[in-house]
């Protein structure tokens, strides 16, 4: 029997592939010309009339073949998901950081939840604004916040001047 980590490694790929194929087949079956074929032959109206070549279009998708492909893909997806879910019922582990056990005998589903939360926390922290490295920062003891040396700059006031387009 496969280990839970092996199942988790392949589940996402299978899910992506099956959903992609399912979507493609669903879109293809919404187009009647691909599901219908025809063969047309033309007869002249009279003996001297013009003759036209026959036209035909083969059926490109058979409903039975499409349903077999969908059933095969979904069976594979259901199988891997059931295997994972049943393994999750019995899988347990300890969470150890720096040699110290923080959590013991934790269910696998909770470990997956923790993994997602830690990933989200990592994204949150890496996207936070940082202090400008071009300035010298120091901690203000009265507020506990970082500050730079005071800078003096000039600012101009916007003055609106009327523009005369035509003299009256």
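So, in the stretch 3-16, of the ones that are without any contact (Cβ under 8 Å) to a residue 24 or more places away in the chain and either outside the structural domain of residue 77 (by TED's automatic domain parsing) or under 14 Å from the mean Cα position of the chain (by Cα) (or both), which residue ends up farthest from residue 69 (Cα to Cα)? The selected residue is 12. Count of the stretch 112-138 residues, restricted to those that are modelled with pLDDT of 90 or more and touching a strand residue (DSSP E or B) at 6+ places or on another chain (Cβ under 6 Å), is 0.
If the condition is being assigned to a loop (DSSP other than H, G, I, E, B) and surrounded by 10 or more Cβ atoms within 10 Å (Cβ to Cβ), then the stretch 7-40 contributes 31, 36, 37.
The values are calculated or read from the model by the stated rules, or taken from the named source; none is laboratory data. Quick caveat: nothing in here was measured; it's all calculated off a predicted structure. Note that each Cβ is placed from the backbone with ideal geometry, even for glycine, and that neighbours are counted across all protein chains shown.
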